[in-house]
Structure formats: structure tokens, C-alpha cells
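Inspection log for the structure reproduced underneath, given as C-alpha cells.
The values are calculated or read from the model by the stated rules, or taken from the named source; none is laboratory data. As the structure is a computational prediction, the values presented were derived from the model and not from experiment. Note: accessible area is taken over every heavy atom of the protein model, side chains too, but ligands, DNA and RNA are not part of it. Shrake-Rupley method; radii C 1.70, N 1.55, O 1.52, S 1.80 Å.
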Amino acid sequence: MGRGTRETTPCSLIRDSGMISTPGSTTRPSHSNSHRRVQAPARHIIPSSAEMNEFFSAAEQPQQQAFIDKYNFDPVNDCPLPGRYEWVKLD
């Protein structure tokens, strides 16, 4: 084997994940069961539609204004604005 390759064990052959250790490490367990913290399950708080709209509109406003300034077109109201470009409606 070359320097850039490593030999690995397929996950399907690993029976006890507690037996996996780093080469050269000590035989002492990395954690003690008597001092293990019990974590409460994470609570997933789903924001409301209004909160999500408020969050995304803060990022969209500068992008919309940059588009309006560059192309003199209002994408929200779908209408041309006076400026550098002349917009023609297609059928």
C-alpha cells in the first residue's frame, strides 16, 4: 500500500462501536459511565410563516433594490420604471 491509502474496516463488519479505538491510544475508556451527562432531547421550534417571511424579506430587500437600480424594472409589481432600459411587453 502507498502512503496515501489507508486500510479500513467496512461498517457492516463492526459489531461493537465501543471497541473502535484510535491506533496508539490508551486502553483507558474515553468516558466514564458514572459521570455521563444526560442531555434532554433537542426541541425543534418551527417558526411561523410570518416570522419566516420577516426573516427572508430582510435579505431580499437589498437584492430587489439592486435589481431595480440596475435594470429599471420592478420585479415585485412586474412593471418597467423610467431609466436606462426601454422595456417592451411581449405577447
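With the requirement that a residue be β-branched (Val, Ile, Thr) and under 23 Å from residue 80 (Cα atoms), what does the stretch 42-69 give you?
Just the residues of the stretch 42-69 that are β-branched (Val, Ile, Thr), to begin with: 45-46, 68.
Correct list: 68 only.
Report, by residue number, each residue of the stretch 52-68 that is open to solvent by 100 Å² or more (accessible area, probe 1.4 Å) and either at pLDDT 95 or above or not acidic (Asp, Glu) (or both).
If we filter the stretch 52-68 for residues that are open to solvent by 100 Å² or more (accessible area, probe 1.4 Å), which is where we start, we get 53-56, 61, 63.
The answer is 53, 55, 56, 61, 63.
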